[in-house]
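The values are calculated or read from the model by the stated rules, or taken from the named source; none is laboratory data. Note that the coordinates shown come from a computational prediction; the quantities given were computed from them, not determined experimentally. Positions of Cβ are backbone-derived with ideal geometry, glycine not excepted, and every protein chain shown enters the neighbour counts.
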Amino acid sequence: MPERLDDRALDQLFRQARTYPAFLPRAIDDATIRELYELLKWGPTAFNAQPGRYLFVRSREAKEKLAPALSSGNRDKTLAAPLTVVFAWDTQFPEHLTTQWDKPSAKALFDDTPALVEPTALRSGNLQAAYLIVAARALGLDVGPMSGFKPDVVNEAFFPEGRWKANFLANIGYGDPSKLAPRGPRLGFDEVARIV
Ligand SMILES: Cc1cc2nc3c(=O)[nH]c(=O)nc-3n(C[C@H](O)[C@H](O)[C@H](O)COP(=O)(O)O)c2cc1C
């Protein structure tokens with residue numbers, strides 16, 4: 001039976017975890033990037049479709065290619081970050097349902113109703129991005145998600161074939177606590193939740 005995690009783990013995953021604008025000068029190797037995926041891939045998605053796709057932008061050349069897509073407030077910190085992930089989604093994710101889901105009716109559903117593809121991909125793709133954020137924190141990494149960018153510019157630069165589409169971005173690294181601003185508040189339970 002799973003046991004409740006201790007307070008140290010809960011602090012690291014949630015209570016003390018922050019959105020970092022700056023990172024220590026410590027590189028992220030391929031093995032760590034793969035380990036991130038090996039954790040996030042177990043998070044649940046609708047029909048087990050796993051529509052999320054991940055472009056890890058690490059080289060100077062790739063960062064320069066990303067730069068024109070970034071809002072002015074996100075540009076410098078993204079160029080300085082050790083790693084940036086483009087959370088994308090696969091417009092043809094239903095192809096994989098023949099191996100990832102045990103009933104053929106799932107692929108037929110998307111073939112018959114193509115309008116379901118994008119909302120399904122965004123819903124589960126967003127969840128998968130969140131799984132990556134939590135996986136990163138579990139590995140001792142920090143993340144800075146960003147929606148201030150031009151998806152069309154990313155799509156043209158990195159996904160010209162049109163199959164993957166950019167959703168949002170996140171910088172990843174070992175956060176520099178000296179660059180953190182005070183934390184914003186959070187809404188209270190009674191403001192956001194009802195138990196019926
Ligand atoms: C989907 C998403 C988009 C965001 N976009 C930006 C952005 O474009 N630029 C930025 O500086 N911060 C961005 N943020 C960071 C949020 O402002 C930050 O996560 C939030 O204020 C919580 O901060 P904390 O984790 O330090 O408490 C984004 C966060 C999320 C989850």
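Quick notes
- Within the stretch 12-33, being surrounded by 15 or more Cβ atoms within 10 Å (Cβ to Cβ), without any contact (Cβ under 8 Å) to a residue 60 or more places away in the chain and within 16 Å of the ligand (Cβ to nearest atom) holds for no residue.
- Entry remark, the stretch 158-193: residues being crowded, with 16+ Cβ neighbours inside 10 Å and farther than 23 Å from ASP11 by Cα number 8 in total.
- Cβ-Cβ contacts under 7 Å between residues 6 or more apart (or on different chains), taken from a first residue in the stretch 163-190 that is at pLDDT 95 or above to a second residue that is exposed (fewer than 12 other Cβ atoms within 10 Å of the Cβ) and not hydroxyl-bearing (Ser, Thr, Tyr), are listed as GLY173/ARG26; TYR174/ARG26.
- All positions within the stretch 34-83 that are hydroxyl-bearing (Ser, Thr, Tyr), under 27 Å from SER124 (Cβ atoms), in a helix (DSSP H, G or I) and within 14 Å of the ligand (Cβ to nearest atom): THR78
- If you go through the stretch 160-193 and keep only what is part of a loop (DSSP other than H, G, I, E, B), closer than 17 Å to LEU83 by Cβ and away from the ligand (no atom under 14 Å from the Cβ), you end up with just TYR174.
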